[in-house]
Amino acid sequence: MFIRFVIKMVLRVDNFIYQLLSFLAIKQEGGKHPKHRLMRYHQFFLDNISTTDKVLDLGCGAGFLAFVLAQKAKEVVGIDITKENIAKARQKFKLPNLKFILGDILEYNFKESFDVIVLSNVLEHLKERVDFLKRLNGLAPKILIRVPLLERDWLTLYKKELGVEYRLDKGHFIEYTFSSFKKELLESGWEISHSLTLFGELWAVAFH
C-alpha cells in the first residue's frame, strides 16, 4: 500500500511538472506552444486544403492556425467563444481573406457553407460530440480533425488505472482510442478517408 501511495504522489508531481513546463514554454515562445513548431502540425491541415477552398476553423483560439491556412486557402473564417482570443487574433493576424468571429460553435448560426471544416483539439472539449458533428453535415463536405489519444504512452493508462488525473487537460470530456473516435464519426454520418497518429495525437480527414 505504501508503494502504491508513493507512486500516486509521484504521478501527481509528474502532472504538475508537465503543466508547469507547458506554461513556461508558452511564455518563452511568446504565447504559442513550441509543440506547434516542433510537430509541424500546421502542415497536416495545409496538405489537406486547396487554394480554392473556403475554410471554417471552429474553436480557432488566438488564430495561429487560421492565419497559416489563410496564406493558402481562398478564404478562412475562425470562430472562438473567448473574447480575449478573438481580440488577439484580430489584432495580430490581418489578411484580406481572413475573418474572426466571436461566438459559440455550439450555437452560432452560419449563413454560408464551406468546403472544409477544421477541428483542431476541439472535439475532446465537447460533451455532446455526436450531435455537434451531425450539425456540421450541412455546413461542409469535409472535416480535418486533430484529437488527443488515450493510448499515447503506458504512463497515461497507468495513471487512469490508479485513479490519478491522466488527461492532458482537465477540460477534456474524452481522450480517444481509434475505435472510439471512428465510432463517434460513423454515428454522426462522417467517414474517415485517412488518418495518422503523431506525438500521441490522432489526425484524420473525414467526409460525409
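Please treat every number below as a calculation from the coordinates, not as lab data. Owing to the predicted nature of the structure, the values given are computational and were not obtained by experimental measurement. Neighbour counts are summed over all protein chains in view; Cβ atoms, including those assigned to glycine, are modelled from backbone coordinates with ideal geometry.
Using the charge dipole of the chain (Lys, Arg: +1 at Cβ; Asp, Glu: -1 at Cβ; taken about the Cα centre), state which of GLN28, PHE93, VAL116 has its Cα farthest towards the positive end.
So the residue we want is GLN28.
Quick one: if the Förster radius is 30 Å, what FRET efficiency do LYS72 and ASP169 give, using the C-beta to C-beta distance and rounding to 0.05?
Details: r = 29 Å, r/R0 = 0.96.
The pair LYS72/ASP169 has a calculated efficiency of 0.55.
If you take every DSSP beta bridge fully contained in segment 68-208, what fraction is antiparallel? Give it as a percent rounded to 5. It would help to have the intermediate numbers written out before the result.
Working: 14 of 24 bridges.
Close to 60 percent.
Excluding same-chain residues fewer than 8 positions from LYS54, which aspartates and glutamates have a Cα within less than 14 Å of its Cα?
GLU75, GLU112, ASP115
Could you work out how far apart the two model spin labels at LEU95 and HIS33 are, taking each label as a point 7 Å from the Cα in the direction of the beta carbon, and quote it in nm?
Result for the modelled spin labels: 2.2 nm.
Quote the FRET efficiency, to the nearest 0.05, computed for PHE16 versus LYS134 with a Förster distance R0 of 45 Å and r equal to the Cβ-Cβ distance.
Details: r = 38 Å, r/R0 = 0.85.
Efficiency at R0 = 45 Å is approximately 0.70.
Return the distance in nm (one decimal) between the two label points of a simple spin-label model at LEU102 and GLU191, each offset 7 Å from Cα along Cα→Cβ.
4.2
From the backbone phi of segment 166-176, what are the Karplus-calculated ³J(HN,Hα) couplings (6.51 cos²θ - 1.76 cosθ + 1.60, θ = phi - 60°) in whole Hz, Gly and Pro given as x?
Karplus values, whole Hz, x for Gly and Pro: 10, 6, 5, 9, 5, x, 7, 7, 8, 10, 7.
Report the number of Lys pairs in segment 77-133 whose alpha-carbons are under 23 Å apart, with separation of 8 or more residues or on distinct chains. Walk me through the intermediate numbers first.
On the way: LYS83/LYS92; LYS83/LYS94; LYS83/LYS99; LYS83/LYS111; LYS83/LYS127; LYS88/LYS99; LYS94/LYS111; LYS99/LYS111.
The result is 8.
Pick out the long, greasy-scoring helices in the chain: whole DSSP H runs spanning 20 Å or more along their own axis by Cα, mean Kyte-Doolittle at least -1.0. All intermediate terms of the calculation are to be shown ahead of the outcome.
Numbers: long enough: 2-28 (39 Å, 1.03).
Length and hydropathy pass: 2-28.
List the aspartates and glutamates whose alpha-carbon lies under 12 Å from that of LYS160, not counting same-chain residues fewer than 8 positions away?
Within the straight-line limit of under 12 Å, LYS160 reaches these aspartates and glutamates: GLU151, GLU175.
Once you have the Cα-Cα distance between PHE2 and LEU24, take 0.36 nm times their residue separation minus that, and quote the gain in nm to one decimal. Working shown, then result.
Working: separation 22, 0.36 × 22 = 7.92 nm, distance 3.30 nm.
Stretched out fully, the PHE2 to LEU24 stretch lengthens by 4.6 nm.
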